Amino acid sequence: MSESVPGPAPEVFAPHKAPVSPPQASEEVEFVQLLTPEGERVEHPDFTFDLDDEAVKGFYRDMVLVRRIDSEATALQRQGELGLWASLLGQEAAQIGSGRALNKRDMVFPTYREHGVAWCQGVNPLNLLGLFRGVDQGAWDPKDNNFHLYTIVIGAQTLHATGYAMGQQRDHAIGDADNGEATIAYFGDGASSQGDVNEAFIWASVFNAPVVFFCQNNQWAISEPIDRQTRIPLYQRAAGFGFPGVRVDGNDVLATYAVTQQALRRAREGSGPTLIEAYTYRMGAHTTSDDPTKYRLSEDLEHWKLKDPIARVHAYLTRHAGLDHDYFDEVDAEADKVAAELRAGCLALPEPELTDFFQHVYVEETPQLAEQREQFAVYAASFSADSEGEG
């Protein structure tokens, strides 16, 4: 009997230990860029920014106001006025650039962090805070602003968006690059690993749906770095599903606008889906319940501060548009006013009636639902009765 020869020892994969550096140095990343971190315009062979400096001023104002809204919401959560908040700090250019590329007929399907896109679509920031304060389940009507309710289930909105886009297709709302309709779905790098996202890619590709998949790759899915999601750049996944993908500097509002505008035009004219990977960095925590110092290095944060999306536009407008400190001071003052009004509005939000959520299940209440509502009302009233008895 011959002796068995032991094979090679199996490779042992060490558990992920934090903090770690991002898997790719940003200097080595190739992407579409039209405005450098120093505030200088650069050319790209495939994409151009064709708006004037007045539009750039508008983008700057948008980003400053949205960042101020975000910081005020974070403060409100720290003070116990919100149950949670998902900050967009560092991702303002990705959201404002893509949001301003939309037309009035395009539909948005967000995650829970697209406060900047909501701003572009005219959603009252106070409505966002109502959701995080727990006094409603989303107090805006998606039809009013073409901005769907926030989606907490990771990646599910990509399927919703694809289905909506297929509806636009069947309603013959496409065929005109400028005046047609398209849909855009936002998600993060972590969500790219979800089955829902990949199923949405398949359906969108096979049915040539007019949808833009906008991935904000902020390097971290809570505490998991991007190398736990993919071995290739995320935008290259699109090729495997049969549609184009492009990576853009997500901290460059001009490039993000140009790339999203082209993808939306392509969708509206009937040429199908596009995957955009906006390469950016989450400067804050995943949410206010998260502590990023436990899994990432402070040196990386300092490195990305030099690529700040607002600072580069400030530099451009100062050097090339002739703006002085008066304009920037006015924007800052407006931002403080918006934040003060937001805080006052948040503190004044009325407490909800607990039975109200039964009203939003069906258009018409069913007998079963009415019975459940009545049972719940009795159950809720029992707590008041118990309190009175204790007195």
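Tabulated values for the structure
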| item | result |
| --- | --- |
| ALA86 being open to solvent by 10 Å² or more (accessible area, probe 1.4 Å), in the same structural domain as ALA177 (by the TED database) and either of a type in the set (A, V, I, L, M) or not in a loop (DSSP other than H, G, I, E, B) (or both) | no |
| Hits in region 89-112 (condition: within 9 Å of the chain's Cα centre (by Cα) and surrounded by fewer than 24 Cβ atoms within 10 Å (Cβ to Cβ)) | THR111, TYR112 |
| Condition met for ARG78 (open to solvent by 50 Å² or more (accessible area, probe 1.4 Å) and out of contact with any Lys or Arg (no Cβ under 7 Å at 6 or more places or on another chain)) | yes |
| Pair list, Cβ under 9 Å, 6 or more apart: region 273-297 residue closer than 30 Å to TRP203 by Cβ, other residue open to solvent by less than 10 Å² (accessible area, probe 1.4 Å) and among the charged types (D, E, K, R) | GLU277/ASP189; ALA278/ASP249; TYR279/ASP249; THR280/ASP249 |
| Test: residue in region 306-324 that is under 30 Å from THR36 (Cα atoms) and of a type in the set (S, T, N, Q) | yes |
| Residue in region 211-230 that is surrounded by fewer than 20 Cβ atoms within 10 Å (Cβ to Cβ) and aromatic (Phe, Trp, Tyr) present | no |
| Residue check, ILE174 open to solvent by 10 Å² or more (accessible area, probe 1.4 Å) and not in a loop (DSSP other than H, G, I, E, B) | no |
| Residue among GLY90, GLY116 that alone is farther than 22 Å from ILE174 by Cβ and without any contact (Cβ under 8 Å) to a residue 60 or more places away in the chain | GLY116 |
| Residue within region 185-200 that is surrounded by fewer than 14 Cβ atoms within 10 Å (Cβ to Cβ) and on the phi > 0 side of the Ramachandran plot present | no |
| Qualifying residue in region 305-318 (condition: more than 30 Å from ARG228 (Cα to Cα) and exposed (fewer than 12 other Cβ atoms within 10 Å of the Cβ)) | no |
| Filtered residues of region 213-259 (kept if within 24 Å of THR162 (Cα to Cα), polar (S, T, N, Q) and not in a strand (DSSP E or B)) | ASN218, GLN229, THR230, GLN236, THR256 |
| Which listed residue, of GLU30, GLU43, GLU54, GLU81, is in a loop (DSSP other than H, G, I, E, B) and either closer than 12 Å to ASP252 by Cβ or without any contact (Cβ under 8 Å) to a residue 60 or more places away in the chain (or both) | GLU43 |
| Verdict on ASN146 being touching a strand residue (DSSP E or B) at 6+ places or on another chain (Cβ under 9 Å) and within 28 Å of PRO352 (Cβ to Cβ) | yes |
| Cβ-Cβ under 8 Å pairs, at least 6 apart or on other chains, region 322-344 side farther than 20 Å from GLN79 by Cβ and in a helix (DSSP H, G or I), far side at pLDDT 95 or above and open to solvent by 60 Å² or more (accessible area, probe 1.4 Å) | PHE328/HIS314; VAL331/ARG61; GLU334/ARG61 |
| Region 263-283, residues that are outside any loop (DSSP other than H, G, I, E, B) and either among the hydrophobic types (A, V, I, L, M, F, W, C) or outside the structural domain of PHE243 (by the TED database) (or both) | ALA263, LEU264, ALA267, LEU275, ILE276, ALA278 |
| Enumeration of residues in region 345-366 that are surrounded by fewer than 10 Cβ atoms within 10 Å (Cβ to Cβ) and within 30 Å of ALA75 (Cα to Cα) | ALA348, PRO350, GLU351 |
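Conditions tested, residue by residue: (1) out of contact with any Pro (no Cβ under 9 Å at 6 or more places or on another chain); (2) of a type in the set (Ser, Thr, Tyr).
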position	(1), (2)
THR274	no, yes
ASP332	yes, no
VAL338	no, no
ASP356	yes, no
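The values are calculated or read from the model by the stated rules, or taken from the named source; none is laboratory data. Just so we're clear, the structure is a prediction, and the values are computed from it rather than from any experiment. Reconstructed Cβ throughout: ideal geometry from the backbone, glycine too, with neighbour counts over all protein chains shown. Accessible surface is based on the protein model in full, side chains and every heavy atom, while ligands, DNA and RNA are left aside. Shrake-Rupley method; radii C 1.70, N 1.55, O 1.52, S 1.80 Å.
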